[in-house]
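As structure tokens, the structure follows; a few thoughts come after it.
Each reported figure results from applying straightforward, stated rules to the coordinates on display, with no laboratory input. Computed from a predicted model, the values in this text were never measured in an experiment. No Cβ is skipped: glycine too gets one built from the backbone with ideal geometry, and neighbour counts run over all protein chains shown.
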Amino acid sequence: MASDQSQIAGVWYPYLSSRQNQAFLTAEAGSLSVVSTEETLLVSDDISAVTITGRVGNIPRRLTFSDGTVFETPDNDAIDRLVFAHRGRRSGWIHSLERFHPRLLVVAVLAIAFTFGIYRYGLPVLVNVAVAVTPPIVPELMAKGTMQTLDATTFNPTELTEEDQTELLEGFERLAVESEYRPEQLKLQFRQGGLIGPNAFALPDGTIIITDELVEMADGDSEMLLGVLAHEIGHVELEHSLKQVYRSAGAVALIMLIGGDIGSGTEDILTQGAGLLALSHSRAQEAEADRRSVEMMLKAGYNPEAIGRFFKLIQEKLHDTSNTSMLSTHPGTPDRLKSVQEYMQELQSRK
Ligand SMILES: [Zn+2]
């Protein structure tokens, strides 16, 4: 089928040149040729080797040949006929898509991936966006509110000796220096735990609380307590409590917050903040904080084995019902012990 013998008028540009040469395009048996007005052959290629721009209004079409020369013509209809005739022969819609709308294809694939991503990972994505746009005042207010509530209902002033406090504060300082925060952004506070018993936890503004009961349970093993504090610093660094609060606030509140409806969105979330303690971290978050604690302990010159001792201690107390609060916020202990030990060996073998 020596189909299209007709000539399409246009201009031809030599490689990397803006010099216009009046020329004609001819199509024959699947190949495209450009000839000058003096009938000299300028370039010829198989049509599949020629890049043809898509049709956009009346903008002239550009055909780029494999030698880099360009033929340009305002005759859109003729080019469309040519393309159609070629596609008819080669018959593959994928082929024509790739050929004439590569960007459109990419956009379509991205749009599908994005839609799938929101459907599959929607809430975590929203949570991360919300964390990113949260002004620092929000975690501060959340932490203040939680602290006031706990001081009014559960906590009592610490009865730890000055000595015990100083030892932990100094160790905490050494860990804080190795964190991604400036040391003054992290604060260690001591309290008698009351209802919440032996425990340590982090508030989203960088305040970390350790209870007298946990210090007593450690029975003089202050390095083990520092391992626990490093773990809590890890939670602060990774903004875990804020993420948990936002996760529980749900998609609607987050969209309002991100959309700038600060009034009601923030209010909802701050009320949720009062329930900060009721939220436990996910397994993935615990694992992340565990890894950070190993890194910080090593950098600060402590032995990360101390973290392992803490997990063993919790396991020993597993049947002790008075410690349920801490156990519920630190699940899966045998697994965690194992992965902490593995990570420790991995880091040490790298040195
Ligand atoms: Zn934790």
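Points worth noting:
- Over the range 7-100 - Rg/Rh using Cα atoms and the Kirkwood inverse-distance radius: 0.94
- Footprinting exposure proxy for TYR246, TYR181 (fewest neighbouring C-beta atoms within 10 Å first): TYR181, TYR246
- Model label points for LEU123 and GLN341, set 7 angstrom from Cα along the Cα-to-Cβ axis, are 3.4 nm apart.
- Two-site FRET efficiency, ASP75 against ARG182, from Cβ-Cβ distance with R₀ of 41 Å, rounded to 0.05: 0.05
- Coupling constants for the range 38-55 follow from the phi torsions by the Karplus curve (6.51 cos²θ - 1.76 cosθ + 1.60, θ = phi - 60°), and in residue order they are 8, 6, 7, 6, 8, 7, 8, 8, 5, 4, 6, 8, 9, 8, 10, 5, x, 7 Hz; glycine and proline get x.
- Subset of LYS144/LYS187; LYS144/LYS317; LYS299/LYS338; LYS144/LYS243 violating a 23 Å alpha-carbon distance limit: LYS144/LYS317
- When you count the other C-beta atoms within 10 angstrom of each residue and take the mean per peptide, 169-177, 234-242, 148-156, 294-302 line up highest first as 234-242, 294-302, 169-177, 148-156.
- Ranking of LEU337, LEU347 by count of other Cβ atoms within 10 Å, fewest first: LEU347, LEU337
- A simple spin-label model places the labels of GLN189 and LYS299 2.5 nm from each other, with each point 7 Å out along Cα-to-Cβ.
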